[in-house]
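The values are calculated or read from the model by the stated rules, or taken from the named source; none is laboratory data. Fair warning: this is a prediction, and the values are worked out from it, not measured in the lab. Neighbour counts are summed over all protein chains in view; Cβ atoms, including those assigned to glycine, are modelled from backbone coordinates with ideal geometry.
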Amino acid sequence: MNCKNPNIRLLFVSQDRDARARIASAISAESQVLFAESAESGREALARLAARRPEVLLVGLPLPDMTGVEFVRAAKRVLASCQILLIAAAGTEEALIAAIEAGAAGCVLEACDANELVGHALKLRAGGSPLSPLVARKLVERLHGRTLAHAAAAALTARESDVVCLLASGLGYSQIGDKLGVSLNTVGSHIKNAYRKLDVHSATAAVMRAVELQMPDRAWRHGDS
């Protein structure tokens with residue numbers, strides 16, 4: 001592995017004592033990795049993270065005191081430059097994806113042995129993002145779904161988008177009509193068209209889709225369309 005600094009500092013977090021021992025043993029045989037200690041809980045890891053400033057953080061999930069997303073967000077606040085690799089059981093792919101969205105650099109399933117995990121740590125240092133095939137597939141599916149959703153939102157007219165944004169902000173149909181200076185029938189027509197384009201069937205679903213696409217953050221436009 002070609003790095004400007006051949007040694008990387010690594011912190012391992014797991015409530016499993018045996019797993020911590022296996023990682024320590026694997027690291028002792030790898031000259032490129034310096035073991036910056038281990039921790040058995042999220043809070044303990046955050047304290048060590050601030051003190052030891054490791055470059056790579058291996059996190060065995062679940063933690064006893066924090067969710068994966070909570071820990072990743074907190075760790076990134078403490079040391080933004082730290083690369084985080086999550087280790088979890090099969091069947092937790094959705095939770096892992098949420099943690100990746102929170103800032104984790106990669107994730108693998110528990111079938112990996114200690115030597116493989118050390119290899120993944122080296123890949124992270126080199127700029128890679130180790131992902132288990134199952135998680136990678138879920139990420140592709142989610143990205144595809146979001147691409148379709150954004151395409152649907154882009155197909156909304158300016159006024160349809162305004163109506164959905166105002167609906168998401170908590171206004172009722174009559175309030176939206178007053179805000180935009182249009183009739184209730186016009187509001188209903190815009191909402192019906194927006195439902196069709198967003199592939200939703202209720203105001204709640206439309207609001208959830210608008211929030212997902214961050215549509216309420218945009219300013220509503222003046223003028224009809």
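A few points about this structure:
- Members of the range 14-46 that are polar (S, T, N, Q), in contact (Cβ under 8 Å) with a residue 24 or more places away in the chain and in a helix (DSSP H, G or I): SER25
Every residue, every condition in (1) in contact (Cβ under 8 Å) with a residue 12 or more places away in the chain; (2) assigned to a loop (DSSP other than H, G, I, E, B); (3) farther than 17 Å from SER14 by Cβ, yes or no:
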{"position": "PRO54", "(1), (2), (3)": "yes, yes, no"}
{"position": "PRO62", "(1), (2), (3)": "yes, yes, no"}
{"position": "GLU70", "(1), (2), (3)": "yes, no, no"}
{"position": "ALA75", "(1), (2), (3)": "yes, no, no"}
{"position": "ILE87", "(1), (2), (3)": "yes, no, no"}
{"position": "ILE97", "(1), (2), (3)": "yes, no, yes"}
{"position": "CYS107", "(1), (2), (3)": "yes, no, no"}
{"position": "CYS112", "(1), (2), (3)": "yes, yes, no"}
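- The set of residues from the range 65-86 being surrounded by 21 or more Cβ atoms within 10 Å (Cβ to Cβ) and among the β-branched types (Val, Ile, Thr) comprises VAL72, ILE84.
- For beta carbons closer than 9 Å, sequence separation of 6+ or different chains, a first residue in the range 117-133 that is on the phi < 0 side of the Ramachandran plot and a second that is assigned to a helix (DSSP H, G or I) and not aliphatic (A, V, I, L, M), the qualifying pairs are LEU117/ARG22; GLY128/HIS120; SER129/LYS123; PRO130/GLY119; PRO130/HIS120; PRO130/LYS123; SER132/GLU93.
- The condition of being under 23 Å from ALA98 (Cα atoms), of a type in the set (Val, Ile, Thr) and at pLDDT 65 or above holds for only one of THR157, THR147, THR186, THR204, that being THR204.
- Put simply, of ALA111, ALA102, ALA90 the only residue that is at pLDDT below 95 and touching an Asp or Glu at 6+ places or on another chain (Cβ under 8 Å) is ALA90.
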